[in-house]
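Values quoted throughout were computed directly from the atomic coordinates according to the rules given, and no laboratory measurement underlies them. Keep in mind that this is a model prediction, so the values were computed, not measured. So basically every Cβ, Gly included, is an ideal-geometry build from the backbone, and we count neighbours across all protein chains shown.
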Amino acid sequence: MDTPEGIGIKIYDTTPQDDIESSSLPYHPPSTAVPGQGRKRRAVAKGVQKTLSKTSMLANFLPTGTLLTFEMVLPSIYGNGECSPVSTTMMHVLLGLCSLSCFFFHFTDSFRGPDGKVYYGFVTTKGLAVFKPGLDVEVPKDERYKLGVTDFVHALMSVLVFTAIAFSDHRITDCVFPGHEKAMDEVMESFPLMVGIVCSGLFLVFPNTRYGIGCMAT
């Protein structure tokens, strides 16, 4: 006896196969990031990296912490990249304070007392004037603690080095010298190298013997 064949119904769907596969994928909402924000961050990071790579040798001539302070404060002043009158004024103040610290710290020196503590002071034509007068420790009267021409050479070179490093940063040149960005880029391609060569030669002729605030003896 023959078994009756089963009756089946086949349903055809008119939806294309590509639509079925795409509809099964999870939905990801479009990104809400600003198109130019990522490029701006990459440009800032590239500028900082380029500045540090060109001026890493020059940083050895600066008091410890001056360049670090400059690089930490500058991003907060620069903000979103707009050079407003307030931000430009604050940049001038930052440049002035960092330059003053580079100049001032090269006129400081220190000595270790019998108690093992280190005492700092300001070098004068008469000797070392300690920051804390009235100490029980005897201040040395050596000739090396007196003010000399070498101190002025080191101070001026330190300010020049900091200027070369600061102006290598496009954030400074864009706000301090608006409209001259291309010319400043051409100048700063070789200026830091020239400053490094000149300062290296002068520091060899006038070696540093001070152990002042943030200054390392070479």
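Taking all Cα pairs closer than 8 Å and separated by 6 or more residues, the relative contact order of the range 65-151 comes to 19 percent. Applying 1/(1 + (r/R0)^6) with r as the Cβ-Cβ distance of residue 211 and residue 97 and R0 = 25 angstrom yields a FRET efficiency of 0.60. Neighbours of residue 117, meaning other residues whose beta-carbon lies under 14 angstrom from its beta-carbon, give a summed charge of -1 when Lys and Arg score +1 and Asp and Glu score -1. Given their separation in residues at 0.36 nm each and the Cα-Cα distance between them, residue 83 and residue 132 gain 13.4 nm when the chain is fully extended.
Computed extension length for residue 186-residue 120: 19.6 nm, one decimal, from 0.36 nm per residue of separation with the Cα-Cα distance subtracted. What is the count of Lys pairs in the range 93-218 whose alpha carbons sit under 26 Å apart, if the two are 8 or more places apart or on different chains? Eligible lysine pairs with Cα atoms under 26 Å apart amount to 8.
Highest mean first, the peptides 82-93, 102-113 sorted by other C-beta atoms within 10 Å per residue fall in the order 102-113, 82-93.
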